[in-house]
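Participant: First the structure, then my questions, so here it is.
The values are calculated or read from the model by the stated rules, or taken from the named source; none is laboratory data. None of these values were measured; they are calculated from a predicted model. Here the Cβ positions follow ideal geometry from the backbone for every residue, glycine too, while neighbour counts run over all protein chains shown. Calculation scope for accessible area: heavy atoms of the full protein, side chains included, ligands and nucleic acids excluded. Shrake-Rupley method; radii C 1.70, N 1.55, O 1.52, S 1.80 Å.
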Amino acid sequence: MPAINLATLLLRSARVFPERPALALGTGVTASYRELALRVARLAGGLLEGGLAPGDRVALVMANCPQYVEALFACWQAGLVAVPINAKLHALELDYIIADCGARLCLVTADRENDVAALAGRSGALARVINVAGADYARLLAAPPTLVHEIPDDALAWLFYTSGTTGRPKGVMLSHHNLMAMTLNYFSDVDEIAPSDSILHAAPMSHGSGLYILPHVARAALNAVPESGGFDPDEIFTLLRAQKGLRGLTMFAAPTMVKRLVDARRDADSDNIKTIVYGGGPMYVEDAKCAMQRFGYKFAQIYGQGESPMTITAVSKYLHRDVSHPRYAARLGSVGIPFTGIRLRIGDGHDTPLPPGEVGEVLVRGDTVMLGYWNNKAASNEALRSGWLHTGDLGVRDEEGFLTLKDRSKDVIISGGSNIYPREVEEVLLRHPGVLESSVIGEPDAEWGENVLAFVVAKPGMQVAADELDALCLANIARFKRPKYYRFVAALPKNNTGKVLKTELRKLLQP
């Protein structure tokens, strides 16, 4: 039985709500749902007329822009595979990904056109590079419209390349079925969406924010992009004030972005914000409390990864505002309970299920779990062995089923034979009023195996003393977990999605 093509989500919304605004750049609406559906059908036709065939890969090296939405849906309508790539990657990284996926066409924004054009002809199958603001793209849009392509059950929709912090990036194969399940899970466990609502894509559309295009298109909501194409708190608050069409606003934000929103424009009106979905890294309890003091109970947390996109567990808005619950703090520090239809298990080193209260690897099974890694059977078999996705994350479930992440398995510090989870130490350090950020890693030690080392960023204009941090740790965690050394730095190294790069911190320890 053929799977349902994701392009039908747009087609349905265009039929039911043809005049609803679909896309906006800054304060200006650029397309209604009727117009977007027609552009997508023509673009899909142009891609097929240009020599592409269903199953071919189309790389998207694009900064956030309204064309991102139509490019994704045109790929799907034509039966093609979209390969959204972080537009901030180095040219060598782009070269590897484009060659690995065998993309024949790359759609770009002007900022990366020259870099990607230099790869054409030598990066695998890549033959054409088209600027979405240029004449060639306009010619694609002038093609006769094509109908939605019927697809097999395992047809690929989105090829997501991992960040590659521990080696070459791997292409996560996500099918139409995977992403349709993710879309339905958004409605069941994250938030409701009305046609009058909107989403602002200030986070990269090549990652989480782009995935949330799907539920918003399915409900005929507005997909808006800041004119800068990126995340700037002042621009966001100015846009909220100027553009009253951005009502019922949702944003996807990494925890570092949430912190910046909290710290900016304390007097700014945020009434139009309906939901801020955060994920992609740990949101420390103190930061979550500060965010709710600033914006109210408008937050939902998701835990997922590229291999199960945006969908493993969630802490709903209801749970965020259930402050009278006796375990409220523990729930807030968790990543919630599994999404509807998702099975979750904590396994030991042999994949044997562990009872509540014991730490092990988070294993996942469900309709959102990837098909495997592109052209990498060995890695696929390892990640999906025994029929479970092995996330590489360590966690523990309580008696109520709430999952608390400890760390990535590779980040656990083993000192004197005892496991130390960096996040637990980081949570304590952040209670110091002068600490803005912290990141804890293990430093090799001949006697103990590893010592605990904390990198600390102080808040502007404030001083933090090591003995104060020592006292804070001794008052809250076991002595053996206390950092042996502190290194005060101006900033923590992060990737383009805001995750702290502990690999870069470890390099600082090398002689």
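Participant: In degrees between 0 and 90, to the nearest 10, how far off the longest principal axis of the chain does helix 91-101 point, with axes built from Cα atoms?
Facilitator: Around 70 degrees separate the two axes.
Participant: Given a 1.4 angstrom probe, I'd like the percentage of the accessible area of the chain that is carbon and sulfur, rounded to a whole number.
Facilitator: Within the chain, the accessible surface is 52 percent carbon and sulfur.
Participant: Quick one: grab the alpha carbon gyration tensor of the stretch 436-511, order the square roots of its eigenvalues as a ≥ b ≥ c, and give me rounded if a/c is under 1.5, else prolate or oblate depending on whether a/b is larger than b/c.
Facilitator: Oblate, because a/c is 1.5 or more while a/b does not exceed b/c.
Participant: Which sequence of Tyr318, Tyr486 reflects their accessible areas, 1.4 Å probe, from the largest down?
Facilitator: Values: Tyr318 130, Tyr486 40 Å².
Final ranking, largest accessible area leading: Tyr318, Tyr486.
Participant: Output the 0 to 90 degree angle, nearest 10, between the alpha-carbon long axis of helix 285-295 and the longest principal axis computed from the alpha carbons of the chain.
Facilitator: 50 degrees
Participant: Taking the alpha-carbon centroid of each part, what is the distance from the stretch 395-445 to the stretch 1-35 in angstrom?
Facilitator: First find each Cα centre; the distance between them is then 43 Å.
Participant: Over the stretch 403-511, calculate the relative contact order: mean separation of alpha carbon pairs under 8 Å at least 6 apart, over the residue count, as a percent.
Facilitator: 23 percent
Participant: Before I look further, what does the stretch 264-336 give for accessible area per residue, probe 1.4 Å, in whole square angstrom?
Facilitator: 37 Å²
Participant: How much of the DSSP bridge set in the chain is antiparallel, in percent, rounded to the nearest 5? Don't skip to the answer; put the middle values down first.
Facilitator: Values: 47 of 81 bridges.
The answer is about 60 percent antiparallel.
Participant: With n ≥ 4 as the cut-off for DSSP H runs, can you work out [θ] at 222 nm for the chain, using -39500 (n - 2.57) per run divided by the number of residues, rounded to the nearest 500? All intermediate terms of the calculation are to be shown ahead of the outcome.
Facilitator: Working: 18 runs with 151 residues, N = 511.
It comes out at -8000 deg cm²/dmol, rounded to the nearest 500.
Participant: Would you mind getting the accessible area per residue of the stretch 132-222, heavy atoms of the protein chains only, 1.4 Å probe, in Å²?
Facilitator: On a per-residue basis, 35 Å².
Participant: From the backbone phi of the stretch 315-321, what are the Karplus-calculated ³J(HN,Hα) couplings (6.51 cos²θ - 1.76 cosθ + 1.60, θ = phi - 60°) in whole Hz, Gly and Pro given as x?
Facilitator: Listing the rounded values in order: 10, 6, 4, 4, 5, 5, 9 Hz.
Participant: Could you pull out every residue, at least 5 positions away or on a different chain, whose amide H is within less than 5 Å of the one on Asp445? Hs are placed 1.01 Å off N in the peptide plane, and Pro or chain starts have none.
Facilitator: Glu450, Asn451
Participant: On C-alpha positions alone, give me the angle between the axis of helix 33-49 and the longest principal axis of the chain, in degrees, nearest 10.
Facilitator: That works out to roughly 80 degrees.
Participant: May I ask you to list the lysines whose Cα is less than 16 Å away from that of Lys494, ignoring any residue fewer than eight positions away on the same chain?
Facilitator: Lys88, Lys259, Lys502, Lys507
Participant: When the dipole is taken about the Cα centre of the stretch 1-131, and only Lys, Arg (+1) and Asp, Glu (-1) are charged at their Cβ, what size is it in debye, to the nearest 20? Walk me through the numbers before you get to the answer.
Facilitator: Numbers: 12 positive and 11 negative charges, 80 e Å.
It works out to roughly 380 debye.
Participant: While we're on this one: Put +1 on the Cβ of each Lys and Arg and -1 on the Cβ of each Asp and Glu in the chain; which of Tyr284, Ser334, Pro233 then has its Cα farthest toward the positive end of the dipole?
Facilitator: Pro233
Participant: Moving to a separate point now. So, with +1 on the Cβ of K and R and -1 on the Cβ of D and E, and no other charges, what is the size of the charge dipole of the chain about its Cα centre, to the nearest 20 debye? Intermediate values should be presented prior to the final figure.
Facilitator: Values: 53 positive and 55 negative charges, 118 e Å.
About 560 debye.
Participant: Separate question: With a 10 Å radius around each residue's Cβ, average the other Cβ atoms per peptide and rank 149-160, 499-510, 460-471, highest first.
Facilitator: Top to bottom by mean Cβ count within 10 Å: 149-160, 499-510, 460-471.
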